[in-house]
Structure formats: structure tokens, C-alpha cells
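See below for the structure under consideration.
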Amino acid sequence: MTARDRLVLAVVAALAVLGAVWVLLVSPERKTASKLSTEVGAASTQLANVQAEAANARLAQARYSSAYASVVNLGKAVPPRRSSANPRISRSPASSAWTPSSEQESFL
């Protein structure tokens with residue numbers, strides 16, 4: 001065997017070793033990296049959604065006191081409830097459904 005033949009054989013053997021390393025070690029790791037990249041993308045999307053929900057919750061919390069004050073003011077604007085029933089609406093004693101009074105029937 002000549003020196004040139006040994007050199008060609010060594011190059012072919014080195015290429016075979018590199019191919020085996022690629023197939024056995026690198027390729028499975030690339031598949032794992034691709035899968036993990038997909039999972040990271042999904043987690044990033046979920047994180048963005050949760051951050052948006054948290055921002056909305058903080059905004060609602062900041063507006064709560066003014067909204068509560070508005071409800072209290074509206075409650076003060078409502079006249080006090082009378083102890084007697086509304087004379088314009090008569091209720092049937094047999095049911096809880098309302099029946100229109102004579103004044104209301106003229107509008108129907």
C-alpha cells in the first residue's frame with residue numbers, strides 16, 4: 001500500500017467518523033433544540049397573555065375607587081323606597097307577575 005492510498009484511506013475513515021458523530025450525537029441534539037425552541041415560543045406567548053391580564057387587573061384596581069364613588073353617588077340619587085307598593089303597577093295575588101294598571105293599558 002502506497003502513501004497516497006493510506007492518505008485516502010485515512011481521509012475516508014475520518015469522514016466516516018465525522019458522519020457517525022453527526023448521526024449519533026449532533027442530529028438528536030438538533031431535534032431536541034428544535035422541540036425546546038417550539039416550547040419556548042409557546043411559553044413566551046403565554047407569558048405575554050398573562051402580563052396583559054395583569055396589566056388589565058392593575059388598571060381595574062386603579063379605577064376601583066372612582067367607580068365605587070360613582071356607585072355611591074348614584075345610590076344617593078335614588079329616592080328612598082316607600083313602604084307601600086307602586087300604585088301604577090298592580091300585582092295579582094295569585095302570581096308574582098305584574099299586570100298593567102288602567103293607566104298603563106292605555107299606552108299599550
Just want the answer: with Cβ charges of +1 for Lys and Arg and -1 for Asp and Glu, which residue in Val23, Val11, Gln51 is farthest toward the dipole's positive end in segment 1-60?
Val11
Quick check: pseudo-label points 7 Å beyond the Cα along Cα→Cβ at Leu9 and Arg63, how many nm apart are they?
8.2
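No value in this document is a laboratory result; all are computed from the given coordinates. All values derive from a computational prediction rather than experimental measurement. Here Cβ is always computed from backbone atoms with ideal geometry, including for glycine, and neighbour counts include all displayed protein chains.
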